[in-house]
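Scroll down for the structure; my scribbles are underneath it.
The values are calculated or read from the model by the stated rules, or taken from the named source; none is laboratory data. Here the structure is a predicted model, which is why all the values come from computation and not from measurement. With ideal geometry, Cβ positions are generated from the backbone for all residues, glycine too; neighbour counts draw on all protein chains shown.
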Amino acid sequence: MRRKLAAGNWKMNGLTAQLAEVEALCAAHPSPSVDLLIAPPATLVSSMVVTASDHALDVAGQDCHPESSGAHTGDISAEMLKDAGASHVILGHSERREDHNESDDIVRRKTRAALDAGLKVVICIGESLEEREAANTLDIIAGQLAGSLPDVLTGENTVIAYEPIWAIGTGKVPTLAQISEVHTFIRAKLEARYGEGVGRSIRLLYGGSVKPANASDIFAVPDVDGALVGGASLKAEDFSAIIKALENAA
Ligand code: PEP
């Protein structure tokens, strides 16, 4: 059975004072029945690790460089995230793909670097509104899966987040049938490429405007193993309500 995962992506939000939200979240969930993960900005990774040290909350980076060290001003390697105490890294988020022109090939190289460094990865894929309107969603998803994932991975070290770009930060959410169609498709692709055992063990998160009000409905969709949550992960109260919805669905 795949254990459910509630993951928060703080993006470029959060100063030290924001760690109070993590303290409140940990206090509200002393022994969660689902896995909890937050990806703060890089500046807060090590302090969040300390804040969460006695709690069942893992800390992730939001990106890493494909190389382990070198002349890459401003970049952070997977080893550095690991050294700071992170257990995971988010890779291929649509904002990275768009703001930094990240291709599937770069995402795959970053994924290899992260896995080599002993990090677990949350790899994001998803279509734009134009692609969906042109009925290309499944082709886009197939291409991103083929190009972004390395040939060797496991359900233990890899999570896939399906995040339609048009749903991120917009308040727009696909229908449950649309989410189900894509998750079923991703599961079939993973089983075909990695074999049934590994393909079935990889967790699939939905991401895009998940809120306390819609979380239960989304978590009832088969093959949705949790959520990658942006805006609603910044406030302990909202993220906690989403975590409770996931616990009730588990
Ligand atoms: C995200 O950043 O991955 C995301 C899904 O954001 P939001 O929940 O704010 O739409």
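Brief remarks follow.
- Tabulated pairs, segment 223-239, first touching a residue at least 60 places away in the same chain (Cβ under 8 Å) and farther than 12 Å from Val210 by Cα, second assigned to a helix (DSSP H, G or I) and more than 7 Å from the ligand (Cβ to nearest atom), C-beta under 7 angstrom, 6+ apart or interchain: Leu234/Glu21; Lys235/Glu21; Ala236/Glu21; Ala236/Ala24; Ala236/Leu25; Ala236/Ala28
- Pair list, Cβ under 7 Å, 6 or more apart: segment 21-50 residue modelled with pLDDT of 95 or more, other residue hydroxyl-bearing (Ser, Thr, Tyr) and crowded, with 23+ Cβ neighbours inside 10 Å: Ile38/Ser233
- Test: Ser180 is surrounded by 16 or more Cβ atoms within 10 Å (Cβ to Cβ) and in contact with a Gly (Cβ under 8 Å, 6 or more places away or on another chain): no
- The residue of segment 130-165 that is farthest from the chain's Cα centre (by Cα), among those that are within 14 Å of the ligand (Cβ to nearest atom) and of a type in the set (A, V, I, L, M, F, W, C), is Ile165.
- Scanning segment 222-242 for residues that are away from the ligand (no atom under 13 Å from the Cβ) and under 12 Å from Ala24 (Cβ atoms) yields a total of 3.
- Comparison of Gln18, Gln62 shows that the only residue that is in contact with a Phe, Trp or Tyr (Cβ under 9 Å, 6 or more places away or on another chain) and farther than 26 Å from Ala117 by Cα is Gln18.
- The listed residue being among the β-branched types (Val, Ile, Thr), in contact with a helix residue (DSSP H, G or I) (Cβ under 8 Å, 6 or more places away or on another chain) and more than 19 Å from Gly226 (Cβ to Cβ), out of Ile165, Ile160: Ile165
- Segment 205-221, subset away from the ligand (no atom under 14 Å from the Cβ) and either in a helix (DSSP H, G or I) or within 15 Å of the chain's Cα centre (by Cα) (or both), residue surrounded by the most Cβ atoms within 10 Å (Cβ to Cβ): Phe219
- Pairs meeting the criteria (first residue in segment 183-198 and without any contact (Cβ under 8 Å) to a residue 24 or more places away in the chain, second residue part of a helix (DSSP H, G or I) and surrounded by fewer than 17 Cβ atoms within 10 Å (Cβ to Cβ), beta carbons under 8 Å, at least 6 apart or on different chains) are Glu191/Arg200.
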